[in-house]
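Enquirer: One structure follows; several queries about it will come next.
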Amino acid sequence: MYLTGFFQNAYVTRNLDHAVSLASERHGIEDWVHFEPQMDVYTSVAGRGPCHVKVALGWVGPLQVELIEPVSGNLQHYLDYLPSSKTDYSARFHHICMRVPDWKKARAEVDEKRWPVAYEGGVDGCNFVYIDARDSLGHYVEYMWMSDELWAYTGGA
C-alpha cells in the first residue's frame, strides 16, 4: 500500500488567495474547488481537538494540487511548515496523498507496519491519516479514504 493510489501534492500557505492566484498564473491551474472544513483531529503532535483550515483543490492532468491555509484549532502539523515571516505568503510543500479504497484495511496496515502517525482525523465522507515519513522522504505521506460523492466534488475522475 505504501505509495499506491498517489494523486496529490499538498502545500501550506499563510494566504490561500495569494497561493491560488500564483499557482494559476505561473502553473496554469484553473477551476479551483474551495472549501473550509471543520475537522476532528484524533491524533496529532498537539493531541486531540478541532481543526479549521481553508482549502483549494486544483488539477493538473492526473495530479491534484492542494493548497491549505491554517485558520484555527489543532494546526501545529501545518504551522511547522510555514515560512518564519508572517508576511511571506509563499506556499511550502507539506505532503503527498494516496487515495485508499478500504479505510479499515488501510488503517490496519498502518498499525501493522508501525508507521509513525503524525496526524489523523476526519470529516463527513472522508478519513485520513498522515504518516511521518520526514526521516525517509522529507515530508508527510497521507492516506485518505473518501466517498465517491466527495471524490467527484473535488474533481476526481
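The values are calculated or read from the model by the stated rules, or taken from the named source; none is laboratory data. This structure is a prediction, so every number in the text was calculated from the model and none was measured. Note that each Cβ is placed from the backbone with ideal geometry, even for glycine, and that neighbours are counted across all protein chains shown.
For every residue, the table says whether it meets (1) among the polar types (S, T, N, Q); (2) touching a strand residue (DSSP E or B) at 6+ places or on another chain (Cβ under 7 Å); (3) modelled with pLDDT under 90.
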{"site": "G58", "(1), (2), (3)": "no, yes, no"}
{"site": "G73", "(1), (2), (3)": "no, yes, no"}
{"site": "S85", "(1), (2), (3)": "yes, no, no"}
{"site": "R92", "(1), (2), (3)": "no, yes, no"}
{"site": "M98", "(1), (2), (3)": "no, yes, no"}
{"site": "R114", "(1), (2), (3)": "no, no, no"}
{"site": "E120", "(1), (2), (3)": "no, yes, no"}
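Enquirer: So how many residues does region 11-54 have that are free of Cβ contacts under 8 Å to residues at least 24 places away in the same chain and either of a type in the set (V, I, T) or more than 14 Å from V123 (Cα to Cα) (or both)?
Expert: 5
Enquirer: Can you name the number of the only condition in (1) among the β-branched types (V, I, T); (2) under 16 Å from the mean Cα position of the chain (by Cα); (3) modelled with pLDDT of 90 or more that V41 fails?
Expert: (3)
Enquirer: Another question about this same structure. Would it be correct to say that T4 is surrounded by fewer than 17 Cβ atoms within 10 Å (Cβ to Cβ) and either touching an Asp or Glu at 6+ places or on another chain (Cβ under 9 Å) or under 15 Å from V141 (Cα atoms) (or both)?
Expert: yes
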